[in-house]
Amino acid sequence: MPTVRQALREATMDSHRRVDAIYADFALDSPGDYRAFLTAHARALAGLEAVAQPDVPRLPLLAQDLAALDQPMPDPLPLEANMADGFHWGLRYTLEGSRLGGAMLSRQVAPDLPKAYLSAAHGKGEWIAFQRALDSAAAEGGEGWLDDAVQGAQAAFALFAQAGQQAGKVPAHG
């Protein structure tokens, strides 16, 4: 039987690939593209963090980077609130995973551009602690918890995809 993380990863693999493809067209060493990339992320992240309430919010770091680029914070995309515990954990799973991806992407950012948001990688033991907390929540969650978690993760990926598409880098059918 797969672990919760394996089940979430498997269930969201196509969505993850789609989001990666959408954002791959942003040249992070270009000030204009990087500004658009961060703006798109801010549109998605604001709603996600408001609902998921992660232990380490990154929206302040994103706002700091945008301010350094003389770019105002955009209006957030709406996220329909779902009060199910599993849904919140699915959102958090995606947000925590994006921290891993951000650390990789930060290497592509030009040295003269701010990168507090993308550099907000997990500290020693934080990723493992999150995985344990996810496993514990799933064990206590009961019937339907994993389905709710998958819905939350899919909702997070969909919001990032929508924001990236609206940034104008790819066609809507992306």
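The values are calculated or read from the model by the stated rules, or taken from the named source; none is laboratory data. Quantities reported herein were computed from a predicted structural model and do not represent experimental measurements. We place every Cβ from the backbone using ideal geometry, glycine too, and count neighbours over all the protein chains shown. These area figures cover heavy atoms from the full protein model, side chains too; ligands, DNA and RNA do not enter into them. Shrake-Rupley method; radii C 1.70, N 1.55, O 1.52, S 1.80 Å.
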In degrees rounded to 10, the 0-90 angle between helix 145-166 Cα long axis and the longest Cα principal axis of the chain is 10
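Given 0.36 nm per residue, what is the gain on full extension from residue 116 to residue 53 after removing their alpha carbon distance, in nm? Could you put the intermediate results ahead of the total?
Working: separation 63, 0.36 × 63 = 22.68 nm, distance 1.93 nm.
Between residue 116 and residue 53, full extension yields 20.8 nm more.
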Longest principal axis of the chain (C-alpha) makes with the long axis of helix 4-24 (C-alpha) an angle, in degrees to the nearest 10, of 20
Mean accessible area per residue over the range 18-174 (1.4 angstrom probe, all protein chains present, square angstrom) is 48
Whole-number value, in Å³ per residue, for the convex hull of the alpha carbons of the range 29-174 is 106
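Carbon and sulfur together cover what percent of the accessible area of the range 76-174 at a 1.4 Å probe radius? Walk me through the numbers on the way to the answer.
Numbers: 2760 of 5020 Å².
Answer for the range 76-174 is 55 percent, counting heavy atoms of protein chains only.
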With +1 at each Lys and Arg Cβ and -1 at each Asp and Glu Cβ, the charge dipole magnitude of the range 24-63 around its Cα centre, to the nearest 20 debye, comes out at 140
Computed for the range 51-150: size of charge dipole around the Cα centre, +1 on C-beta of each Lys and Arg, -1 on C-beta of each Asp and Glu, debye to nearest 20, value 520
Sites removed, the longest contiguous part of the chain containing no DSSP-loop GluC sites (Glu not before Pro) with at most 12 other Cβ within 10 Å is 1-79
Here, residue 129 and residue 68, labelled 7 Å along Cα→Cβ, have an inter-label distance in nm of 2.5
When the chain is treated as a Gaussian network with springs between alpha carbons less than 10 Å apart, the largest mean-square fluctuation among 32, 102, 125 is found at 125
In units of 2.2 N^0.38 Å, the Cα radius of gyration of the range 5-113 is 1.10
Measuring from the longest principal axis of the C-alpha atoms of the chain, the long axis of helix 85-105 (C-alpha) lies at a number of degrees, nearest 10, equal to 40
Placing +1 on each Lys and Arg Cβ and -1 on each Asp and Glu Cβ in the chain, then taking the dipole about the Cα centre, the residue among 46, 63, 88 whose Cα reaches farthest towards the positive end is 63
Ordered by number, the trypsin sites (Lys or Arg not before Pro) in the range 97-168 that occupy a DSSP loop and have at most 11 other Cβ atoms within 10 Å are 124
Rounded to the nearest 10 Å², the 1.4 Å probe accessible area of residue 160 is 10
Taking the alpha-carbon centre of each part, the distance from the range 23-38 to the range 89-147 in Å is 21
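Could you give the dipole magnitude of the chain about its Cα centre, charging the beta-carbon of Lys and Arg +1 and that of Asp and Glu -1, in debye to the nearest 20?
Details: 14 positive and 21 negative charges, 88 e Å.
With only Lys, Arg, Asp and Glu charged at Cβ, the dipole is about 420 debye.
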One quarter of the C-alpha convex hull surface, i.e. the mean projected area of the range 18-58 in nm², amounts to 3.4
Pseudo-spin-label distance residue 80 to residue 143, built 7 Å along Cα→Cβ, given in nm, is 2.4
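For n ≥ 4 DSSP H runs only, could you compute -39500 (n - 2.57) per run for the chain, divide by its residues and tell me the 222 nm figure to the nearest 500? Let's see the in-between values first.
Numbers: 6 runs with 112 residues, N = 174.
Here the helix-only value at 222 nm equals -22000 deg cm²/dmol.
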